Amino acid sequence: MENILSRYSDLKDLKAMNMEELNTLAENIRELIIEVVSKNGGHLASNLGVVELTIALHKVFNGDLDKIIWDVGHQSYVHKILTGRKESFHTIRTHKGISGFPKRKESKYDIFETGHSSTSISAALGYALSRDIIGEKHNVISVIGDGAMTAGMAFEALNHAGDTGTDLIVVLNDNEMSISQNVGGLSQYLNRIRTAPTYFKVKEDVEAILNSIPGIGKQVFKTAERAKDSIKYFLVPGMFFEELGFKYLGPIDGHNINDMIRELERAKKVKGPVLVHVITKKGKGYKPAEEHPDKFHGSSPFNIDTGKPINISIEPSYSDILGDTLINMANKDNRIVAITAAMPEGTGLSKYKEIHKDRFFDVGIAEQHGVTLAAGLASNNLKPYFVVYSTFLQRGYDQVLHDVCIQNLPVVFAIDRAGLVGDDGETHHGVFDLSYLSHIPNITIMAPRDKSEFIQMLEFSKDYNGPLAIRYPRGNCYDYIEENNRTDIELGKSEVLVKGKDIAIIAIGGMVEKAYKVTEELKRQGRSVTLINGRFVKPLDEDLIKKVSNEHSLIVTLEDNVKTGGFGSLINDILVQSNYRGEILNIALPDIFIEHGKVNLLFKQYNMDVEGILNRISEKIK
Ligand SMILES: Cc1ncc(C[n+]2csc(CCOP(=O)(O)OP(=O)(O)O)c2C)c(N)n1
Ligand SMILES: CC(=O)[C@@H](O)[C@H](O)COP(=O)(O)O
Ligand SMILES: [Mg+2]
């Protein structure tokens, strides 16, 4: 096959291409994406599905003027390749390389940053309304997936956009998949439209016939208009969107560039909001991804020939342990219910979902609803576990406060991906949860140091009668200290792992392992060190902290949360109250958005790897 992409430079080249060349370009882009993602990892299936759609969008719209917003942004690789990042594409998701999501600093064509789902219609509406106020002339396009369309925010924006009547194009990329199979009534509605392909033809015919009937087609009388609408309702797809004030176009084959160009040109001419329904196949063009779109949603590096991952870990992940432990607990306790917001695989709930079907809810990308659903379940004597990534629970802050904590309900928040997550970068690091949860009255917050303690904490949570958060990191879950007498979990009590007298290190969760290595090294250097595993962020072990403050001249706190409002700052409050006169060193993440890169590299960069921590302690001692 000819390699048109090798000669491609910018959007001008795309504008000049004929249909045959555009189709060849699509195949070239697919090859490049497969090659790079097989090495770097990334969102393969979503991107392979939008190759033709992205080409058609850039063919029809003026990249220098029109505004295209990518929802979630995980599917923006083709857009990146077409808009000046072909040469740097091999660096995608690597430290200091280009991001896997749209970034304004990366390109003038990335006009709005995304990462969390379902923001694109609101942002696009903002662009459109500001355009109208300022008196500019350009098109605004939101590209949103069927998964992202399940979120409250998307509905809120559709509701508002329809009412404004402003010119706005929403391209609904429907591949029947969120990360896993999409869920919910809207998804079933889209399915009905998709599975009745004759609808597309019927819609045109019905409109033509109705328009030719005098008094109806000319829309002279309101009653006639309503009659026309009710006939259309039964025969025409997309009425849901039309009722909200959108013109509906589609469904269109999202792998046919010609058809899409035609429909997008049509959408451009529509006055007011228009929704273009495009049907695509997730993973299109790469068999393993077409067959397992969920596994290739966010893929680690893989072998192109077999589709098999290159690095297979023998250790379970924290998510795996969560899933297995919850199954065991639910086997014995029929009050236990698990909730996910569209992440059954990522959160480790896939097996649970099969075994306890009737006590499992996938609410779609609807974290706010997920939290309040849990509150409702808990109000009626069930024991809900909302298993959610730290970064996505940010969406449900008010629901945690208002619906769960004020009523002191026994909801457990199993907070996965707490701390640095790595390659997804600033939109996805879970480094704010301690700060956004710890000031809420009634909540208890814990973080396990290792696998055995994680299981202990989950067991503890079962009979705990109030809101409880357990936060744990992305990655492998194992034990690293040989011991045979672990202490039981007791509310608000920390664990002393090593006893000394000069320096006290108080660490939390995943950071205890680093603290343990730092302690070993300091001991080798002849220092006397106390090491405390915090276990609880709230309530803190005040008695122990006060005791330690009387006995040590340097207190070091260590956490993988931002410093502001984090574990260290809560400990500082106690130290101030107890008139501690010694030195304090709070090691935490700085008050910036941390970029993407491997977790170890990022810890090194922010002097939070073992060497960096040792250096900072040595500095302080000097
Ligand atoms: C608020 C929020 N919750 C969860 C996610 C995780 N997430 C990323 S992509 C995705 C599925 C999106 O499905 P869809 O919009 O249909 O895009 P597709 O990958 O199918 O193209 C989910 C759940 C997220 N990014 N943001
Ligand atoms: C785009 C998105 O939000 C998710 O797909 C995310 O990339 C998942 O990351 P994990 O690999 O940590 O599950
Ligand atoms: Mg989808």
Check: How many of the residues in segment 305-352 are more than 16 Å from ligand 2 (Cβ to nearest atom) and in a helix (DSSP H, G or I)?
Finding: 11
Note to self: Among the residues in segment 113-121, are any modelled with pLDDT of 95 or more, farther than 23 Å from Lys282 by Cβ and within 24 Å of the chain's Cα centre (by Cα)?
What the structure shows: yes
Checklist line | Residues that are more than 18 Å from Ile55 (Cα to Cα) and out of contact with any helix residue (DSSP H, G or I) (no Cβ under 6 Å at 6 or more places or on another chain), drawn from segment 252-291 | finding: Lys269, Val270, Lys271, Gly272, Lys287, Pro288, Glu290, Glu291
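Okay, residues lined up against (1) crowded, with 20+ Cβ neighbours inside 10 Å; (2) out of contact with any strand residue (DSSP E or B) (no Cβ under 9 Å at 6 or more places or on another chain); (3) under 18 Å from Leu5 (Cα atoms); (4) not hydrophobic (A, V, I, L, M, F, W, C):
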site	(1), (2), (3), (4)
Leu57	yes, no, yes, no
Ile69	yes, no, no, no
Gly73	yes, yes, no, yes
Ser88	no, yes, yes, yes
Ser107	no, yes, no, yes
Thr114	yes, no, no, yes
Ser118	yes, no, no, yes
Item checked: Residues located in segment 569-607, provided they are among the aromatic types (Phe, Trp, Tyr) and in a helix (DSSP H, G or I) -> Phe603
Check: What pairs come up if the first residue lies in segment 167-194 and is farther than 30 Å from Glu136 by Cβ, the second is among the basic types (Lys, Arg) and within 11 Å of ligand 1 (Cβ to nearest atom), and their beta carbons are under 7 Å apart, counting only those six or more places apart or on different chains?
Finding: Asn175/Lys281; Asn175/Lys282; Met177/Lys282
Check: If you check every pair at least six apart or on different chains, which have Cβ atoms under 7 Å apart with a residue in segment 285-304 that is more than 10 Å from Gly42 (Cβ to Cβ) first and a residue that is within 13 Å of ligand 1 (Cβ to nearest atom) and part of a strand (DSSP E or B) second?
Finding: Pro293/Met177
Notebook entry, point to check: What are the residues in segment 397-426 that are assigned to a strand (DSSP E or B) and away from ligand 1 (no atom under 16 Å from the Cβ), if any?
Noted result: Val412, Gly419
Note to self: Please determine whether any residue of segment 471-480 is touching a strand residue (DSSP E or B) at 6+ places or on another chain (Cβ under 8 Å) and within 16 Å of ligand 1 (Cβ to nearest atom).
What the structure shows: yes
Next item on the list: Give segment 39-78 a look and list any residue that's of a type outside the set (Val, Ile, Thr), over 20 Å from Arg93 (Cα atoms) and in a helix (DSSP H, G or I), or say none.
Entry: Glu52, Leu53, Ala56, Leu57, His58, Lys59
Note to self: For segment 161-185, which positions are assigned to a helix (DSSP H, G or I) and either crowded, with 17+ Cβ neighbours inside 10 Å or within 11 Å of ligand 3 (Cβ to nearest atom) (or both)?
What the structure shows: Ala161, Gly162
Next item on the list: Scan segment 261-271 and give yes if some residue there is away from ligand 1 (no atom under 16 Å from the Cβ), crowded, with 21+ Cβ neighbours inside 10 Å and not small (Gly, Ala, Ser), otherwise no.
Entry: yes
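The values are calculated or read from the model by the stated rules, or taken from the named source; none is laboratory data. Here the structure is a predicted model, which is why all the values come from computation and not from measurement. Methodologically, a virtual Cβ is constructed for each residue, glycine included, from the backbone with ideal geometry; neighbour enumeration extends over all protein chains shown.
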